[in-house]
Amino acid sequence: MSGAEPIELVTDHAAGTPWTGPLLEVRDLCVTFSTDDGPVMAVDHVSFTLEEGETLGIVGESGSGKSVTSMAILGLLPRQATVTGSVRYRGRELVGLKEKELQPLRGQHLAMVFQDALTALNPVHKVGAQIAEAISVHQTISDADLKTRVIELLELVGIPNPSERAEQYPHEYSGGMRQRAMIAMSIANEPDVLIADEPTTALDVTIQAQVLEVFERIQDRTRSSILLITHDLGVVAENCTRVIVMYAGEVVEEATTVELFARAHHPYTEGLLGAMPKVGGNEERLATIPGTVPPPTAWPLGCRFRERCAYAWERCEREHPPLYQIGAGHTSRCHLADEPERRANPHAPIAAQRGATAA
Ligand code: SF4
């Protein structure tokens, strides 16, 4: 078996100088899909960095553009998608790379954990063989070492009796075990960056917690950086050091997790926090954000959240808010940063008024 050719990752530095910048740097990332009705933008100038060993959460409802962002980073979008802007991994530009240039990076340096393990695992191959394949694509390794490595990986992700389990097919695994097997496959080559897109959404709460513990274990062991994409702020609170909140294709707030939970600024983030179940609280009385995320074909002018916002005023309709600096490392795409006195006058959002009329 022959391994992949080593790739040069440090391109912006003098040869031999170790890379000291962010592990992953996304700048002004835009994704536009060509459709029968013309071009439709799904991700709009998204920027963020991921540092070494960090877990960064990207949170937002479905339709916020978070999954498209993650697929764009790995070059996994269909041909109808046009990606512009910049995604740099250890300084190397990934946007515009050909598939054959991206392939050695994927799996070996940047890997993805998908939401649905059942579709990601091949039903006709044994789990151990699939993990072995993920390793041997990138590494030259003897059969004996390969077998040991597969068992080590299954052990690391908490699969009991790994030697026997390696010989089973995906359908013989429970949902939680399949998810762990897929994680084992994703980390088989100890990637620097692990992108996990709603990795626990399909699982029940207990299994969710166990799978998230697996990520912690992996990070302790491999120092991987994790980009955790989720709609669940509870998952962010437990696992992430920093958070990016996305809404209608753009970043609307960024802060450390501690700062976001203590001093959320954007009304959308406030709404997401308000919708979180409280410990010992009555889930029947959970606050919800009225309305839904507008599809990319119907992003309004001005602030895209304005129909659902309890503070919207006329400026929000005419002026698209920039990302305002709220504090150190804390930004918010909301005009309230400029006119904080407006917060004193909340009102029923347009979406709630519509809901009341419809009821
Ligand atoms: Fe609400 Fe206006 Fe802020 Fe948008 S800019 S979130 S509409 S207050």
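The values are calculated or read from the model by the stated rules, or taken from the named source; none is laboratory data. None of these values were measured; they are calculated from a predicted model. Cβ placement follows ideal geometry from the backbone for every residue including glycine, while neighbour counts extend to all protein chains displayed. To get the accessible areas, we keep the full protein, side chains included, count just its heavy atoms, and leave off ligands, DNA and RNA. Shrake-Rupley method; radii C 1.70, N 1.55, O 1.52, S 1.80 Å.
Can you find a residue in region 318-325 that is in a helix (DSSP H, G or I) and either more than 19 Å from VAL43 (Cα to Cα) or within 12 Å of the ligand (Cβ to nearest atom) (or both)? Scanning region 318-325 turns up at least one residue that is in a helix (DSSP H, G or I) and either more than 19 Å from VAL43 (Cα to Cα) or within 12 Å of the ligand (Cβ to nearest atom) (or both).
Taking the criterion of being open to solvent by less than 20 Å² (accessible area, probe 1.4 Å), out of contact with any Ser or Thr (no Cβ under 8 Å at 6 or more places or on another chain) and closer than 21 Å to ALA328 by Cβ, the only residue of region 244-268 that qualifies is ILE244. Of the residues making up region 116-130, those that are of a type in the set (S, T, N, Q) and surrounded by fewer than 19 Cβ atoms within 10 Å (Cβ to Cβ) are THR119, ASN122.
The requirement of being more than 8 Å from the ligand (Cβ to nearest atom) and either touching a Lys or Arg at 6+ places or on another chain (Cβ under 6 Å) or modelled with pLDDT under 90 (or both) is not satisfied by GLY271. Are any residues in region 137-151 surrounded by fewer than 16 Cβ atoms within 10 Å (Cβ to Cβ) and basic (Lys, Arg), and if so, which ones? LYS147 - this is the single residue of region 137-151 that is surrounded by fewer than 16 Cβ atoms within 10 Å (Cβ to Cβ) and basic (Lys, Arg).
If the condition is being open to solvent by less than 80 Å² (accessible area, probe 1.4 Å), over 15 Å from GLU307 (Cα atoms) and not charged (D, E, K, R), then region 317-339 contributes PRO322, LEU323, TYR324, ILE326, GLY327, GLY329, HIS330, THR331, SER332, LEU336, ALA337. Looking at region 247-259, can you tell me whether even one residue there is over 29 Å from ILE131 (Cβ atoms), more than 14 Å from the chain's Cα centre (by Cα) and without any contact (Cβ under 8 Å) to a residue 12 or more places away in the chain? Yes.
Could you tell me whether region 190-197 includes any residue that is at pLDDT below 85, crowded, with 17+ Cβ neighbours inside 10 Å and not β-branched (Val, Ile, Thr)? No; the residues of region 190-197 include none that is at pLDDT below 85, crowded, with 17+ Cβ neighbours inside 10 Å and not β-branched (Val, Ile, Thr).
Consider ALA264 carefully, then state whether it is in contact with a Lys or Arg (Cβ under 9 Å, 6 or more places away or on another chain) and either within 16 Å of the ligand (Cβ to nearest atom) or farther than 30 Å from ASP37 by Cα (or both). So ALA264 fails the test.
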